[in-house]
Ligand code: NAD
């Protein structure tokens, strides 16, 4: 274990300063690769959160009134600082999340895409204008920022998700409060330093570290206008319902249980490679990870299982400090135990473990939170391992007889984040993209995560509310539209009109 001196005591970032926690409550931040506690994160009280909201509220009017081009300039500087500080960012992300360096680099790059889109706010905020809509009246619609808005983030993308949730919110003129995941708070605090260096006024970017107490204050405080949440489905549902009760705009993205359909005509070597990366990358801790492979037909299933066994045997599970590591640990001991328990229940319910990641020496001997790649065949709907999201490297094979059966099963599932099909048959692909009830759909693409300038959101239990993460739709979510009708001329009549206004 790390000695007491090595355990950093973290802060919040409020009013442009690192501010010590006052609650006396702390969470432990682990290095999942070694199992050591590396920091203590303060867990804010409702009062501390309220004080942070008040500072954000006070800072908001000046930021709103700054020209949108000047705001975009700050974002451009922030973007450059992110790339200049890439090495430091990777070091922090890998230490607190256990991801490989390559994977973390991908995450930072995708996060920067959101900043890039937000730099375009001057264009994206343009409204609509109509001349002479009636009686020398011109009408226009314009987008105004909301005020104080909050983002609540999950642990699995310490930088990409917070940047996707907040960059546009800042650019369009809001004051943003991030409640970072208490399991990976160091990345958010470092990002705060970069915002400050970029010239963002104090109070426009705040990081409140904490848990349920801080979140509940954000949900209930009348000054907070909108909530962007990303995390697990049960919490997403709670955030959506509670936020709506307090009259806020809420987008709450939840978990995923994503399928890869394999048609008999697909190139199975290629599919196996695609599946392994998309299924086990980041120790399967991605909302868009492939959980289930659905081969169509027994022959396709038998062939691909044989190929997968050979390829999974070659995977290297280990530390991000070793260059050839394919994936690292899961985030916590609790998480490791949950994945191992899910595998056991899967076996008990009749699934066949065709590759057992529990047997790797690193799983048994390391103090880090490692689980090896595990593959369960003959998984069936109704089994817990099929129905529930497992946030770790236990993956399923569900054998189906036809494309129709695959579509029917997927559409019946509670979650609908991502899905993909591998085929050379255009008609099958078209039927699939038309009939599937899932938000992000791939054709011969392993993880169909949209680029930053397309909208990102699942369907069904993977998203509550109608907002998105990434994409131009965010402008609508983080602004309110006023429609203004103006007449600038000598009055045509001084008499009052009591008829309903018409276009005459
Ligand atoms: P989580 O739901 O446990 O936590 C997310 C956030 O909510 C954290 O900041 C946490 O502090 C807070 N929180 C947790 N419990 C709470 C409660 N009872 N009341 C109020 N706040 C609470 O999720 P996680 O384990 O950090 O992240 C993994 C989950 O996030 C997975 O389910 C994954 O699929 C999902 N995820 C979804 C997307 C997406 O785009 N749909 C993206 C990334 C992660």
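The values are calculated or read from the model by the stated rules, or taken from the named source; none is laboratory data. These numbers come from a predicted model, not from an experiment. Methodologically, a virtual Cβ is constructed for each residue, glycine included, from the backbone with ideal geometry; neighbour enumeration extends over all protein chains shown.
Residues 189, 163: which one is closer than 26 Å to residue 22 by Cα and either in contact with a helix residue (DSSP H, G or I) (Cβ under 9 Å, 6 or more places away or on another chain) or more than 12 Å from the ligand (Cβ to nearest atom) (or both)?
189 is the lone residue from the list that is closer than 26 Å to residue 22 by Cα and either in contact with a helix residue (DSSP H, G or I) (Cβ under 9 Å, 6 or more places away or on another chain) or more than 12 Å from the ligand (Cβ to nearest atom) (or both).
Scan 203, 210 and give me the residue that is in a loop (DSSP other than H, G, I, E, B) and under 19 Å from the mean Cα position of the chain (by Cα).
210
Tally time: how many residues in the range 132-149 are closer than 19 Å to residue 57 by Cβ and either within 16 Å of the ligand (Cβ to nearest atom) or at pLDDT below 95 (or both)?
Residues in the range 132-149 being closer than 19 Å to residue 57 by Cβ and either within 16 Å of the ligand (Cβ to nearest atom) or at pLDDT below 95 (or both): 1 in total.
Mind counting the residues in the range 378-413 that are within 29 Å of the chain's Cα centre (by Cα) and either within 16 Å of the ligand (Cβ to nearest atom) or surrounded by 14 or more Cβ atoms within 10 Å (Cβ to Cβ) (or both)?
Of the residues in the range 378-413, 24 are within 29 Å of the chain's Cα centre (by Cα) and either within 16 Å of the ligand (Cβ to nearest atom) or surrounded by 14 or more Cβ atoms within 10 Å (Cβ to Cβ) (or both).
List every residue pair whose Cβ atoms lie under 6 Å apart, where the two residues are 6 or more positions apart in sequence or sit on different chains, the first residue falls within the range 83-102 and is without any contact (Cβ under 8 Å) to a residue 60 or more places away in the chain, and the second residue, located anywhere, is crowded, with 21+ Cβ neighbours inside 10 Å and part of a helix (DSSP H, G or I).
Taking only residues 6 or more apart or on different chains, the pairs are 90/104.
Scan the range 353-363 and give yes if some residue there is more than 16 Å from the ligand (Cβ to nearest atom) and under 26 Å from residue 181 (Cα atoms), otherwise no.
Scanning the range 353-363 turns up at least one residue that is more than 16 Å from the ligand (Cβ to nearest atom) and under 26 Å from residue 181 (Cα atoms).
Could you run through the range 380-407 and say how many residues are within 13 Å of residue 346 (Cβ to Cβ), outside any loop (DSSP other than H, G, I, E, B) and in contact (Cβ under 8 Å) with a residue 60 or more places away in the chain?
Residues in the range 380-407 being within 13 Å of residue 346 (Cβ to Cβ), outside any loop (DSSP other than H, G, I, E, B) and in contact (Cβ under 8 Å) with a residue 60 or more places away in the chain: 6 in total.
Please count how many residues of the range 408-436 are in a loop (DSSP other than H, G, I, E, B) and within 23 Å of residue 285 (Cα to Cα).
Residues meeting the conditions: 3.
When you scan the range 129-142, do you find a residue that is more than 18 Å from residue 251 (Cβ to Cβ), free of Cβ contacts under 8 Å to residues at least 24 places away in the same chain and in a loop (DSSP other than H, G, I, E, B), even just one?
no
Let me confirm something: among 229, 157, which residue is near the ligand (Cβ under 9 Å from one of its atoms), in the same structural domain as residue 242 (by TED's automatic domain parsing), under 16 Å from residue 89 (Cα atoms) and in contact with a helix residue (DSSP H, G or I) (Cβ under 6 Å, 6 or more places away or on another chain)?
Only one candidate qualifies: 157.
Here are 19, 74, 29, 68: which of them is within 30 Å of residue 317 (Cβ to Cβ) and in the same structural domain as residue 221 (by TED's automatic domain parsing)?
The conditions single out 29.
Before we move on, is residue 238 within 11 Å of the ligand (Cβ to nearest atom) and not assigned by TED's automatic domain parsing to the domain that holds residue 385?
yes
Given the structure, is residue 503 in a loop (DSSP other than H, G, I, E, B) and at pLDDT 95 or above?
Criteria not met by residue 503.
How about the range 324-337: which of its residues are without any contact (Cβ under 8 Å) to a residue 24 or more places away in the chain and either outside any helix (DSSP H, G or I) or within 14 Å of the ligand (Cβ to nearest atom) (or both)?
324, 334
Is it the case, given these coordinates, that residue 72 is closer than 22 Å to residue 475 by Cα and in a helix (DSSP H, G or I)?
Spelling it out, residue 72 is indeed closer than 22 Å to residue 475 by Cα and in a helix (DSSP H, G or I).
Test residue 277 against the criterion of being away from the ligand (no atom under 14 Å from the Cβ), in a loop (DSSP other than H, G, I, E, B) and surrounded by fewer than 24 Cβ atoms within 10 Å (Cβ to Cβ), and give yes or no.
In short, no.
Condition test on residue 264, is it farther than 27 Å from residue 160 by Cα, in contact with a strand residue (DSSP E or B) (Cβ under 7 Å, 6 or more places away or on another chain), in a loop (DSSP other than H, G, I, E, B) and modelled with pLDDT of 95 or more?
yes
Return the residues of the range 300-320 that are buried (at least 16 other Cβ atoms within 10 Å of the Cβ) and more than 23 Å from residue 103 (Cβ to Cβ); say none if nothing qualifies.
Result: 300, 301, 303, 304, 305, 307.
Could you tell me which numbered condition residue 152 fails, if it satisfies all but one of (1) over 15 Å from the mean Cα position of the chain (by Cα); (2) within 9 Å of the ligand (Cβ to nearest atom)?
With (1) over 15 Å from the mean Cα position of the chain (by Cα); (2) within 9 Å of the ligand (Cβ to nearest atom) applied to residue 152, the lone miss is (1).
Is it true that some residue in the range 189-200 is at pLDDT 95 or above, surrounded by fewer than 24 Cβ atoms within 10 Å (Cβ to Cβ) and within 24 Å of residue 480 (Cα to Cα)?
So far as the range 189-200 goes, yes, one or more of its residues are at pLDDT 95 or above, surrounded by fewer than 24 Cβ atoms within 10 Å (Cβ to Cβ) and within 24 Å of residue 480 (Cα to Cα).
Hey, does the range 228-242 have a residue that's free of Cβ contacts under 8 Å to residues at least 60 places away in the same chain and crowded, with 23+ Cβ neighbours inside 10 Å?
No, that holds for no residue.
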